[in-house]
Amino acid sequence: MSETLNTIGAERRRTRDDTVRARPNRPEPADPTPAWRRVLHRWPTILSTWLVVLAAALVAGLLWPPTYQATASMTVTPSAVNPLTGDSGFEEVEMQTEMATMASQRITLRAAALLQDVPVEEADPALAEDLLERLSTTAPDDTQVLRVTVTGDDPNQAAERANALATAYLADRGEDVQTTADDTLKRIDESIAGLERSDDDSSSLRQLREQRTALALIAPTPGRVISEATPPQEPSSAGIPLFVAGGVVGGLVLGALAGAFRERADRSVRRPDRLADGTGSPAVVLNSVDDEDGALELLRRLSQDEDRAVPRPGSRIAVHSALPGQATVVVQALDAVVSSWGGTVEVVDTRTLTDAVGPLGDTDWLGMDDTTPSLLVATVPPRAGAAELAALTDRVDGVVLAVEPRGRLRRFQERFERLSGRGAAVVPAFVVQRQVRPGTDAAPARDAAPARDAAPQHR
């Protein structure tokens, strides 16, 4: 392993003066995660909200009292013939006026009297008011048909009330028609009597007599019921299927809103995509110390800059995490991969990294022998400040910023922005395993490191 690394370094050393050094290859910015996908990650919130809304809709459907509607239909005829022309043809009825008349207290009070079988003067005003609140009227276009619909808690009661309203309306309209006809006949009779006293047998007298005869022959018919209300067999109110359908749709909508709110209000990292969106850089996922793919990706990201290739003899990186155990997880995962290549990883104290790191072709690099570790790792304590980390970034080849799912996203963003753009590559690492399992040895430490980090060197 070390011979291969020295050979690669020598070739780059010989060609460094003959070619222009390429700019460091930085990772492409991470594409923002679509909003719908971020919301879908909150599927537990969406599912729980959906189940709660669906259960509430089902309970409401079971407890909601059923209501029934009964409709009575009637035709409305004109009041009488035109007393001025004697024309007995029908005139058009203003149905909007008739609908307003039906939905008046005058008609409901009369219907209440019919239902109670008492005179109108003795009818219960409360019943009349209840009828007024429960009725609705419609009239099909281009017809003289009036429909009255009554909503009730009992099907028989709804039908009885609808028929009573239809009867009360026709009776009231019949009285108006009769009164109008009587008044017209009275005026015609007075006109005829005046002409007869003057012995005037003119055409005006003949005309008045014809009008009276025509008017007297026409019965005062206000209309008739063409369809009586019958007790409905099924309730007209929303049933359980409708409540369930509303619960399904409403639950999905509310669940999506709850998921979006939860996603926006969450201050923790939670997922790699949130970490990538927050930093603008793809995050490396390291599930555990045995995650070889995650460790390889971490090394690849640390080697984006050709002048700071990792691992190579003497290369060094810093690992920082809010949890001490997570830094150990990163170190052991890297140690497992580098050791499988025949290299070594050694843990050092941050105070030993006093010199700034130069390019890969430094003269000291070629003088390193096989005993030089392939990778020196300094674990930065969680309490280290941003200034200390920034200074350390100039003295290492790369920095790994590890964070757990429950770590604070805003704090991590600020630290990442503070370190990005400096000398070393800064790689955000999403570490799932919080600490090393008991009984697992940490990566080796140099003799200069504190005693707590001392361990046999991996070869």
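The values are calculated or read from the model by the stated rules, or taken from the named source; none is laboratory data. Predicted, not measured: the structure shown is a model, and the values here were computed from it. Neighbour counts run over all protein chains shown; Cβ positions are idealised from the backbone, glycine included.
A few comments on the model shown:
- Members of the stretch 313-343 that are of a type in the set (S, T, N, Q), more than 20 Å from Leu392 (Cβ to Cβ) and out of contact with any His (no Cβ under 9 Å at 6 or more places or on another chain): Gln332, Ser340
- Annotation note: Cβ proximity below 8 Å between a residue of the stretch 326-347 that is closer than 18 Å to Gly314 by Cα and a residue that is part of a helix (DSSP H, G or I) and among the hydroxyl-bearing types (Ser, Thr, Tyr) (sequence gap 6+ or interchain) occurs for Gly342/Ser2; Gly343/Ser2; Val345/Ser339.
- Criterion: over 55 Å from the mean Cα position of the chain (by Cα), surrounded by 12 or more Cβ atoms within 10 Å (Cβ to Cβ) and more than 19 Å from Thr230 (Cβ to Cβ) - qualifying residue of Asp130, Asp172, Asp189, Asp117: Asp189
- Matching residues, the stretch 116-139, being in a helix (DSSP H, G or I) and over 14 Å from Gln69 (Cα atoms): Gln116, Val120, Glu121, Glu122, Pro125, Ala126, Leu127, Ala128, Glu129, Asp130, Leu132
- Residues satisfying the stated conditions in the stretch 292-309, i.e. surrounded by 23 or more Cβ atoms within 10 Å (Cβ to Cβ) and at pLDDT below 75: Arg308
- Extreme residue, modelled with the lowest pLDDT, among residues of the stretch 417-437 that are more than 16 Å from Glu404 (Cα to Cα) and of a type in the set (Gly, Ala, Ser): Gly423
- Pair list, Cβ under 7 Å, 6 or more apart: the stretch 173-187 residue in the same structural domain as Leu146 (by TED's automatic domain parsing), other residue in a helix (DSSP H, G or I): Ala181/Leu215; Thr184/Leu215; Leu185/Arg212; Leu185/Leu215; Leu185/Ala216
- Evaluation of Thr108 against (1) closer than 21 Å to Pro231 by Cα; (2) part of a loop (DSSP other than H, G, I, E, B) (one fails), failing number: (2)
- Of everything listed in (1) more than 39 Å from the chain's Cα centre (by Cα); (2) modelled with pLDDT of 90 or more; (3) on the phi < 0 side of the Ramachandran plot, the single unmet condition for Thr143 is (2).
- Test: residue in the stretch 242-262 that is assigned to a loop (DSSP other than H, G, I, E, B), modelled with pLDDT of 90 or more and either over 23 Å from Arg418 (Cβ atoms) or among the acidic types (Asp, Glu) (or both): no
- Pairs meeting the criteria (first residue in the stretch 225-241 and free of Cβ contacts under 8 Å to residues at least 12 places away in the same chain, second residue not in a loop (DSSP other than H, G, I, E, B), beta carbons under 8 Å, at least 6 apart or on different chains) are lacking.
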